[in-house]
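Taking it in order: structure first as structure tokens, then the write-up.
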Amino acid sequence: TAIASFARYAGSSITIGDISKQMVEGWQLWLKEQGVKLNTISCYMRSLRSVINHSDMPPVVSTAFNTVFTGSLKTDKRSMSTSDLQKLRTLQLPKGSSLCFARDLFLFCVYALGMPFVDVAFLRKKQIVNGYIEYQRHKTRQPIRVKIEPQMQRIIKRYSPPDSAYVFPILTRGSMKEYETVRNRYNRHLRQISKIAGLHRSLTSYVARHSWASMAYSNNVDLAVISKALGHSNTETTMVYIREIDDNRIDMANRKLLGTITKTTHH
């Protein structure tokens, strides 16, 4: 994704040897103008730098990234509470409207183990096998298998176009450029929906994934299970999704442990 973005900015004929400090700085500015968040920009920069470092180019090329952002900013709380999700699920929206479709896609992402929106958009009917969705994460190529629960099946049945290879009528050409346009529109609709529903936070495509992870962790699902469901190669990545959970669970656990230590034993 990073390389595709850089090619759109600098031109598809660009070579690694052509990359300069000025070009990378210009790419960063261009990304900001496109509305790309700083943490995503950082991810793109580090990804392209990694490609260069694994090439045969002299090390001087990688210094082109010394003046651009490659760090990490603390993000706002991204997960939703169960009550907000229930409010979203029961929200009355005009049937057949783009807002109703966006809301149902968001819920599908939550129901499907926090499935990323990009994978939902590119999901094909042939990837549904014996009641399971089998796909590789677009970002990491990690294989994931999701059992289709009744809530998911209802949404599939409601929107699945009979004359398309895709499960949902999101893409037609199937290009990343088309996807980015669709994702931006999807996020605009989600922001509208959050205002209509009176939620205290703005919805984005990422919130569904974080919400599933947080709910699973709050319901004592093992960290390794959550990590596998999200398609993470290690639990350290998963911790980014659940680190925002408040300390009440830790407080309760400690109270319970201390209770076993200080409990009076009667003889």
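Summary of values
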quantity	calculated
Every residue from the range 86-120 that is of a type in the set (Ser, Thr, Tyr), over 24 Å from Val146 (Cα atoms) and part of a helix (DSSP H, G or I)	Ser98
Check on Lys77, open to solvent by 70 Å² or more (accessible area, probe 1.4 Å), modelled with pLDDT of 90 or more, in a loop (DSSP other than H, G, I, E, B) and not hydrophobic (A, V, I, L, M, F, W, C)	no
Answer residue from the range 174-211, given it is out of contact with any Cys (no Cβ under 7 Å at 6 or more places or on another chain) and among the small types (Gly, Ala, Ser) and is farthest from Met115 (Cα to Cα) among those	Gly198
Near pairs, Cβ below 8 angstrom, 6+ apart or cross-chain, from the range 107-130 (under 14 Å from Ile170 (Cα atoms) and crowded, with 22+ Cβ neighbours inside 10 Å) to any residue that is modelled with pLDDT of 95 or more and of a type in the set (Asp, Glu)	none
Close pairs (6 angstrom Cβ cut-off, 6 or more residues apart or separate chains): assigned to a helix (DSSP H, G or I) in the range 46-63, at pLDDT below 85 and small (Gly, Ala, Ser) anywhere	Arg49/Ser62; Ile52/Ser62; Asn53/Ser62
Residues satisfying the stated conditions in the range 139-155, i.e. in a loop (DSSP other than H, G, I, E, B), without any contact (Cβ under 8 Å) to a residue 60 or more places away in the chain and open to solvent by 60 Å² or more (accessible area, probe 1.4 Å)	Arg141, Glu149
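The values are calculated or read from the model by the stated rules, or taken from the named source; none is laboratory data. What you see is a predicted model; the values in this text were computed from it and never measured. Ideal geometry is used to build each Cβ from the backbone, glycine not excepted, and the neighbour counts take in all protein chains shown. Surface accessibility is based on the protein's heavy atoms, side chains included, excluding ligands, DNA and RNA. Shrake-Rupley method; radii C 1.70, N 1.55, O 1.52, S 1.80 Å.
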